[in-house]
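Quick notes on the structure that follows.
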Amino acid sequence: MPKLIDGRAIAERVYAELRDEIARLKPRGLIPGLAVVLVGDDPASRTYVRAKDKMCRELGLHSVKLELPAATTQEALLARVDELNRDQQIHGILVQSPPPPQIDEAAIVRTLDPRKDVDGFHPLNVAKLALDDETGFVPCTPLGCLRLLRESGIALSGANVIVLGRSMIVGKPMALLLMRKGIDATVTVIHSRTRNISEICHRADVIIAAIGRPHFVSAEFVREGAIVIDVGINRVEDGESERGYKLVGDVDFDAVSGIAGAITPVPGGVGPMTIAMLMSNTIKACRQITSASE
Ligand code: GUN
């Protein structure tokens, strides 16, 4: 049996560190604050937003959850973001993606104060990631994947890492992070126009699947002993489940787990780490904003 990479257990280790950091900020009168904005009522987004708010409260962070109607205009949303930019109790702002179609997401991201952009989506933070500037914010999911790999003792220097997917939320920042000096992986990014996908994946020491297609990575993609990180969280119909669906990853877990050297489950793999990294980025934002104004 391959080693199961337990995202919940590793996230708990991260929280132990974060609790110490929060305790050190408290005597200085500092409580990191996160605002999460949800426009509309997408059920999956609603679940994520609730989980983020709950974790803030568990850690004793200041949490603001803004739930706006699906018909919210671009102008109204920009105004709310602007208020949060100016709110001194808020150090991190996240606008849940995807927004409804009338919202220009790129324009919203550009309006965020980059010092509060804990998602790492603002162009300044994207540039800082490419420039290896540690003051920037790296998107939470790739940051969580990296932490999972490191905590699991997986060697990345010189390793062949295949990233499936080129999104701005996962694939692209994941590739930039892995090729950083000091991490030093050899990165290949696979996307919808890539040819011979299973052949390329078969050369991988590590596969990171982030394409949003249930069970896309099958047994023939994976070399014996390769490490498999599954970022996918796909809802598929399930008549046996009370809620009518189940969550599955981008990897066919049952087929691949007999071959992989280590693998993340869905749920309980990358998901808990994404939230842990959001909390970590919020604390970092609080530290950076407040030390700049001292
Ligand atoms: N939707 C899915 N993942 C994310 C994320 O990391 N940040 C935001 N803002 N929206 C998301």
For this session: Could you check residue 87 against (1) without any contact (Cβ under 8 Å) to a residue 12 or more places away in the chain; (2) more than 16 Å from the ligand (Cβ to nearest atom) and say which number it fails?
Result: (1)
Exercise. Does residue 77 qualify as being under 22 Å from residue 142 (Cα atoms), buried (at least 17 other Cβ atoms within 10 Å of the Cβ) and within 15 Å of the ligand (Cβ to nearest atom)?
Worked result: no
For this session: Hey, could you check segment 34-55 for residues that are more than 16 Å from the chain's Cα centre (by Cα) and more than 12 Å from the ligand (Cβ to nearest atom) and say which is surrounded by the fewest Cβ atoms within 10 Å (Cβ to Cβ)?
Result: 43
Exercise. Picking from 156, 148, which residue would you name as being under 24 Å from residue 225 (Cα atoms) and within 16 Å of the ligand (Cβ to nearest atom)?
Worked result: 148
Exercise. In segment 97-112, which residue that is in a loop (DSSP other than H, G, I, E, B) and of a type in the set (A, V, I, L, M, F, W, C) is nearest to the ligand (Cβ to nearest atom)?
Worked result: 112
Exercise. Among 255, 276, 292, which is the only one that is surrounded by fewer than 17 Cβ atoms within 10 Å (Cβ to Cβ) and closer than 24 Å to residue 17 by Cβ?
Worked result: 292
Problem set entry | Wholly enclosed strands (runs of 3 or more DSSP E) of segment 148-210 bearing at least 3 residues open to solvent by 20 Å² or more (accessible area, probe 1.4 Å) | 186-190
Exercise. Residue 130: farther than 16 Å from residue 172 by Cα, away from the ligand (no atom under 16 Å from the Cβ) and either at pLDDT 95 or above or open to solvent by less than 40 Å² (accessible area, probe 1.4 Å) (or both), yes or no?
Worked result: no
Exercise. Out of segment 255-281, which residues are aliphatic (A, V, I, L, M) and under 30 Å from residue 90 (Cβ atoms)?
Worked result: 270, 273, 275, 276, 277, 278, 279
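The values are calculated or read from the model by the stated rules, or taken from the named source; none is laboratory data. Quantities reported herein were computed from a predicted structural model and do not represent experimental measurements. Every residue, glycine as well, gets a Cβ built from its backbone with ideal geometry; the counts of neighbours run over all protein chains shown. Just so you know, the surface numbers come from the protein's heavy atoms only, side chains and all, with ligands and any DNA or RNA stripped out. Shrake-Rupley method; radii C 1.70, N 1.55, O 1.52, S 1.80 Å.
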